[in-house]
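Scroll down for the structure; my scribbles are underneath it.
The values are calculated or read from the model by the stated rules, or taken from the named source; none is laboratory data. Computed from a predicted structure; not experimentally measured. Cβ sites come from the backbone with ideal geometry, for glycine too, and all protein chains shown count toward neighbours.
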Amino acid sequence: MSRTRRNFTAKFKTDLVLEVLKGEKELNVIATEHDIQPNLLRNWKKEFLEKASIVFDESREENLKEKLSEERKEKAAYAKKVGQLTMQVDWLKKKSEEVLGPDYESKYSPKPPFED
């Protein structure tokens, strides 16, 4: 029998790690109470402690703002390109109808291979 993979919320992980850090109960006891593997809880604790300094990093907010600004610019560029390509396709369809007639698609569309 295969066990389905469980996903844990950040709040759940944080609460368990803080409980471990308080030291009132042993890590193995907390893991057993919540039906998770002790190694998983150890990994969460390790990750929590490694990334704790980020909370106090003053440049973090500036970096996030810069990244968000760059993503917005990139998204705007993609939207502009999509608009441009849409206009080109519409223009080509219009010109194809003018030159080849309104039913040009049925006459000139490629036939699927091996169909006779």
**Study point:** Answer residue from region 3-40, given it is outside any helix (DSSP H, G or I) and among the hydrophobic types (A, V, I, L, M, F, W, C) and is surrounded by the most Cβ atoms within 10 Å (Cβ to Cβ) among those
**Key:** Ile36
Point to revise | In region 1-22, residue farthest from the chain's Cα centre (by Cα) [restricted to those that are under 15 Å from Ala52 (Cβ atoms) and of a type in the set (Val, Ile, Thr)] | key: Val20
Review point. Looking at Glu97, Glu61, which is the one that is exposed (fewer than 10 other Cβ atoms within 10 Å of the Cβ), of a type in the set (D, E, K, R) and in a helix (DSSP H, G or I)?
Key: Glu61
Study note, to complete from the structure: Of (1) touching an Asp or Glu at 6+ places or on another chain (Cβ under 9 Å); (2) modelled with pLDDT of 95 or more, Ser96 satisfies every one except (2)
